Amino acid sequence: MTPLAEKLARHIRASGPISVADYMAVCLADPDYGYYMRKAPFGRAGDFITAPEISQMFGELIGLWAVAVWEMMGSPRPFVLAELGPGRGTLLADALRTARVKPAFLNAADLHLVETSPRLRDIQKEMLTPTGFPLHWHNQVEDIPTGPAIIIANEFFDALPIHQFQWSNGGWSERVVGLTADDQLGLGLKPVQHRKPDVPLPEGAIIEASPAARAVMKTIAERLRRDGGAALIVDYGSAEPTAKSTLQAVRAHKYDDPFAAPGDADITAHVDFSALARSATAAGAAVRPLMRQGEFLIRLGLVERANVLGRGKDEKTRNGIASGMERLAGPKAMGDLFKVLAVSAPGLKLPVFDPIETGTRP
Ligand code: SAH
């Protein structure tokens with residue numbers, strides 16, 4: 001048992017089983033043993049690798065998108081440039097580098113990072129201090145100062161806790177984490193009162209809900225409606241929920257049982273984009289149809305960017321660039337599984353998502 005499993009077992013013995021959402025939150029954020037609190041999870045040596053760590057082109061293209069959005073917003077100065085869950089800070093570093101094509105954008109940008117892990121804040125500080133920007137960290141989205149904003153979140157929402165409800169024997173139960181007969185952590189069912197499904201569900205169907213994700217989306221949507229701006233949310237998930245558990249743990253680049261090693265594995269769930277879109281719409285923001293990551297990057301100029309980067313380089317470097325492009329945009333890699341949700345103030349036109357007649361196209 002990991003130290004966190006022992007801590008959880010003591011808690012469950014004293015107070016009873018906990019929801020999958022509480023389990024997830026503790027696994028990621030327990031102050032002593034939480035995954036993001038003590039491990040350096042990203043990159044080849046870590047447990048998993050994210051798009052900005054695969055290729056600099058990911059952050060670069062998002063930087064160009066942000067510059068174009070800022071111009072569509074009427075070039076406000078100052079404005080908030082925020083990232084939620086910046087990891088190692090790589091995306092922002094790459095984005096700010098390409099944004100040098102528009103010095104006025106850089107002069108107007110106030111950088112705000114939402115990050116709960118002190119360990120990752122240190123890594124972000126090291127990565128982003130050379131940019132020369134004053135850096136501001138916050139624990140939650142509510143704390144980002146008001147004003148027009150461009151908000152980026154890559155693989156942030158998948159880390160927000162989900163509840164799981166299971167349809168079995170003609171009723172709903174919440175899936176909870178308790179103790180097995182031999183004192184190991186294991187899943188159980190706790191009956192809950194909830195109305196019957198509108199459509200017949202197969203026995204054992206699982207519905208997931210993330211009040212935390214919906215609340216973050218609502219906060220973002222309200223501020224965009226009020227103060228202007230746009231948010232770009234990139235993550236894995238499907239347009240509609242699938243009635244299966246999407247809870248997953250990854251350790252050393254392999255899928256692991258989510259209950260095997262709490263605190264030692266990254267634990268996430270697929271993002272329910274339909275729920276995020278509903279919550280943003282309800283808060284008065286404008287939501288674009290979900291786009292696949294591959295299509296988004298290609299429309300932004302991924303192929304052209306790869307050509308520019310590879311020009312005059314040796315074969316090994318060119319192959320590396322091509323394989324990065326394939327991993328980011330290929331249908332068998334991240335291109336189809338990862339989706340991009342764009343949300344904005346009503347009336348704002350967004351590059352890539354909306355037809356734009358004049359103005360710059362990145
Ligand atoms: N965007 C980065 C890292 C993704 S991992 C990349 O693409 O490489 C998830 C990030 O979100 C980490 O930085 C983690 O510490 C942060 N995070 C997770 N849950 C959070 C929460 N509830 N509040 C703030 N940050 C959170």
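The values are calculated or read from the model by the stated rules, or taken from the named source; none is laboratory data. Since the structure is predicted, the reported quantities are computational estimates derived from the model, not experimental observations. Because the Cβ atoms are built from the backbone with ideal geometry, glycine has one as well, and the counts that use them run over all protein chains shown. Calculation scope for accessible area: heavy atoms of the full protein, side chains included, ligands and nucleic acids excluded. Shrake-Rupley method; radii C 1.70, N 1.55, O 1.52, S 1.80 Å.
See the values below:
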{"read-out": "Single unsatisfied condition, PRO211 versus (1) within 16 Å of the ligand (Cβ to nearest atom); (2) touching a strand residue (DSSP E or B) at 6+ places or on another chain (Cβ under 6 Å)", "value": "(2)"}
{"read-out": "So ILE144, is it within 16 Å of the ligand (Cβ to nearest atom), more than 29 Å from ALA215 (Cβ to Cβ) and in contact (Cβ under 8 Å) with a residue 24 or more places away in the chain", "value": "no"}
{"read-out": "Selection within segment 30-58 - within 26 Å of GLY186 (Cα to Cα), part of a helix (DSSP H, G or I) and open to solvent by 50 Å² or more (accessible area, probe 1.4 Å)", "value": "ARG38"}
{"read-out": "Residue in segment 112-132 that is most open to solvent (accessible area, probe 1.4 Å), counting only those that are near the ligand (Cβ under 10 Å from one of its atoms) and outside any helix (DSSP H, G or I)", "value": "THR116"}
{"read-out": "All positions within segment 18-69 that are among the aromatic types (Phe, Trp, Tyr) and near the ligand (Cβ under 9 Å from one of its atoms)", "value": "TYR35, TYR36, PHE42, PHE48, PHE58"}
{"read-out": "Checking PRO241 against (1) part of a loop (DSSP other than H, G, I, E, B); (2) within 24 Å of GLY34 (Cβ to Cβ); (3) touching a helix residue (DSSP H, G or I) at 6+ places or on another chain (Cβ under 8 Å), the condition it does not meet", "value": "(2)"}
{"read-out": "Checking PRO78 against (1) more than 12 Å from the ligand (Cβ to nearest atom); (2) farther than 30 Å from GLU357 by Cβ; (3) open to solvent by 10 Å² or more (accessible area, probe 1.4 Å), the condition it does not meet", "value": "(2)"}
{"read-out": "Residue among ALA9, ALA104, ALA93, ALA99 that alone is within 14 Å of the ligand (Cβ to nearest atom) and assigned to a helix (DSSP H, G or I)", "value": "ALA93"}
{"read-out": "Criterion: of a type in the set (A, V, I, L, M) and more than 12 Å from the ligand (Cβ to nearest atom) - qualifying residue of ALA159, ALA109", "value": "ALA109"}
{"read-out": "Per-region count, segment 151-191, residues within 16 Å of ALA243 (Cβ to Cβ) and within 23 Å of the chain's Cα centre (by Cα)", "value": "4"}
{"read-out": "Residue under evaluation PRO346, criteria (1) within 30 Å of GLU71 (Cβ to Cβ); (2) part of a helix (DSSP H, G or I); (3) in contact with a Lys or Arg (Cβ under 7 Å, 6 or more places away or on another chain), criterion not met", "value": "(2)"}
{"read-out": "Tabulated pairs, segment 256-267, first closer than 12 Å to TYR33 by Cα, second small (Gly, Ala, Ser), C-beta under 6 angstrom, 6+ apart or interchain", "value": "PRO262/ALA5; ALA265/ALA249"}
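Conditions (1) at pLDDT 95 or above; (2) under 17 Å from the mean Cα position of the chain (by Cα), marked per residue:
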| position | (1), (2) |
| --- | --- |
| LEU81 | yes, yes |
| PRO86 | yes, yes |
| GLY89 | yes, yes |
| LEU92 | yes, yes |
| ARG119 | no, no |
| MET127 | yes, no |
| ASP143 | yes, no |
| ALA149 | yes, no |
